[in-house]
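The values are calculated or read from the model by the stated rules, or taken from the named source; none is laboratory data. Everything numeric here is computed off the predicted structure, so don't read it as measured data. So basically every Cβ, Gly included, is an ideal-geometry build from the backbone, and we count neighbours across all protein chains shown.
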Amino acid sequence: MKQFFTMMATVALCLGLAACNGGQKGQKDCCQEGQQAECCQQEKGKCCGQSSDKPACCQAEQKDACCQSGQKAACCQEAGKPACCQAPTFDEVVASRRSVRSYDGTRKISEAEVREVIAAAQEAPSWINYEPTKYYVAMSAEKIAAVKKAVGRNADRLEGVSALIVSSFENEKSGFVDGRIADPIGNVWGGHDCGLSNAFLVLKARAMGFDTLIMGGRDADALRKTFSIPENETVMAVIALGYRKDDPKRPDRRPLDEIVKFF
Ligand SMILES: Cc1cc2nc3c(=O)[nH]c(=O)nc-3n(C[C@H](O)[C@H](O)[C@H](O)COP(=O)(O)O)c2cc1C
């Protein structure tokens, strides 16, 4: 009986918190940085903030951030944690991130949210803090169509995305010091840093309840033209950003001992 009441209380709390997702305007009115989840209950009806440093209860689609999409808030209860009302842990973010190839076009991510995702990518380490990674974000129907054209067969996987983000890196930055090559692999370090930034990007996106697909299958020349990407940049992956429609399966990984050696 006690368990039943605890469960009902958690579900009621989650539903109450959901009422905080009132829209885009006046988001700062509700939860201030550092406040706890309860602020949403007290302030429900007002809009809540989207920033990651505010409680996840205040973020749109907070349930998806912890529960797999399609599952109900009760899944959190079953998992023995009220995580539907809290920011997901790092392990939850890592475990629930997947390459998503089917998006829910009825739910859109705002430019402000994309900025927040890219700001996290900017926190990635880079060679001498050169930050060689650049992003070109397609959000208009016209630019999204142009990027879809440049990703060949991948286009079929992108119905309903909110944004398509082209990543590139500035050449002769990472791997170079004072303009001179500083390591035999030179610009490979630029690709390395761009990959690191993209890793931060996809994890931050998942922490906010969003989904991604990194695509290496793309026509770099077409993308360069579409976004007027300068010649001193190397076009890397295109990253789709949106909300998952279905739950993707986790592809198997190799046994850990095949990829690591301890000495
Ligand atoms: C550099 C890179 C390029 C990729 N290119 C594509 C692609 O063009 N199309 C695609 O559907 N998936 C692409 N993927 C996604 C991988 O297939 C996927 O990460 C892998 O199968 C593991 O699945 P998971 O991301 O769900 O863990 C790419 C991933 C990376 C990191």
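Counting only residues that are out of contact with any helix residue (DSSP H, G or I) (no Cβ under 6 Å at 6 or more places or on another chain) and part of a strand (DSSP E or B), which one in the range 191-216 is nearest to Gly105 (Cα to Cα)?
Asp211
What residue, of Lys204, Lys249, is near the ligand (Cβ under 10 Å from one of its atoms) and modelled with pLDDT of 95 or more?
The conditions single out Lys249.
Identify the single condition in (1) surrounded by 20 or more Cβ atoms within 10 Å (Cβ to Cβ); (2) modelled with pLDDT of 95 or more that Gly209 does not satisfy, given that it satisfies every other one.
Status for Gly209: all satisfied but (2).
Which condition does Pro125 not pass, out of (1) within 16 Å of the ligand (Cβ to nearest atom); (2) outside any strand (DSSP E or B); (3) in contact with a Leu (Cβ under 8 Å, 6 or more places away or on another chain), if it passes all the others?
Here Pro125 meets the rest and fails (1).
Out of the residues in the range 232-246 that are modelled with pLDDT of 95 or more and either over 19 Å from Ala146 (Cβ atoms) or more than 16 Å from the ligand (Cβ to nearest atom) (or both), which is surrounded by the most Cβ atoms within 10 Å (Cβ to Cβ)?
Applying the first criterion (modelled with pLDDT of 95 or more) to the range 232-246 yields 232-245.
Adding the requirement that they be either over 19 Å from Ala146 (Cβ atoms) or more than 16 Å from the ligand (Cβ to nearest atom) (or both) leaves 232-234, 243-245.
On the way: Asn232: 11, Glu233: 21, Thr234: 19, Tyr243: 22, Arg244: 25, Lys245: 19.
The selected residue is Arg244.
Please determine, by comparing only the residues of the range 132-160 that are within 13 Å of the ligand (Cβ to nearest atom) and among the basic types (Lys, Arg), which one is surrounded by the most Cβ atoms within 10 Å (Cβ to Cβ).
Filtering the range 132-160 for residues within 13 Å of the ligand (Cβ to nearest atom) gives 147-148, 150-158.
So of that shortlist, the ones also among the basic types (Lys, Arg) come out as 148, 153, 157.
Numbers: Lys148: 20, Arg153: 8, Arg157: 17.
Filtering the range 132-160 for residues that are within 13 Å of the ligand (Cβ to nearest atom) and among the basic types (Lys, Arg), the one surrounded by the most Cβ atoms within 10 Å (Cβ to Cβ) comes out as Lys148.
Please count how many residues of the range 128-142 are among the polar types (S, T, N, Q) and in a strand (DSSP E or B).
1
Working carefully through the options Ile165, Ile118, Ile109, Ile144, find the one that is closer than 19 Å to Leu213 by Cβ and in contact with a Gly (Cβ under 7 Å, 6 or more places away or on another chain).
Ile109
Regarding the range 143-165, can at least one residue be identified that is in contact with a Cys (Cβ under 6 Å, 6 or more places away or on another chain) and either in a loop (DSSP other than H, G, I, E, B) or within 21 Å of Phe227 (Cβ to Cβ) (or both)? Explain how you work it out, then say what you get.
So the first thing to find is which residues in the range 143-165 are in contact with a Cys (Cβ under 6 Å, 6 or more places away or on another chain), and the list is none.
Taking every residue of the range 143-165 in turn, none turns out to be in contact with a Cys (Cβ under 6 Å, 6 or more places away or on another chain) and either in a loop (DSSP other than H, G, I, E, B) or within 21 Å of Phe227 (Cβ to Cβ) (or both).
I need the full set of residues from the range 93-117 which are farther than 13 Å from Ala207 by Cα, more than 16 Å from the ligand (Cβ to nearest atom) and outside any loop (DSSP other than H, G, I, E, B), in order please.
Glu111, Ala112, Arg115, listed by residue number.
Quick test of your reading of the structure: Ala155 fulfils all but one of (1) touching a residue at least 12 places away in the same chain (Cβ under 8 Å); (2) within 26 Å of Arg244 (Cβ to Cβ). Name the failing condition by number.
(1)
Read through the list (1) under 18 Å from Cys194 (Cβ atoms); (2) within 12 Å of the ligand (Cβ to nearest atom), then give the number of the only condition that Asp211 fails.
Going through (1) under 18 Å from Cys194 (Cβ atoms); (2) within 12 Å of the ligand (Cβ to nearest atom) one by one, Asp211 breaks only (1).
In the set Ile259, Ile229, Ile185, which member is of a type outside the set (Asp, Glu), over 17 Å from Ala119 (Cα atoms), free of Cβ contacts under 8 Å to residues at least 40 places away in the same chain and away from the ligand (no atom under 16 Å from the Cβ)?
Ile185
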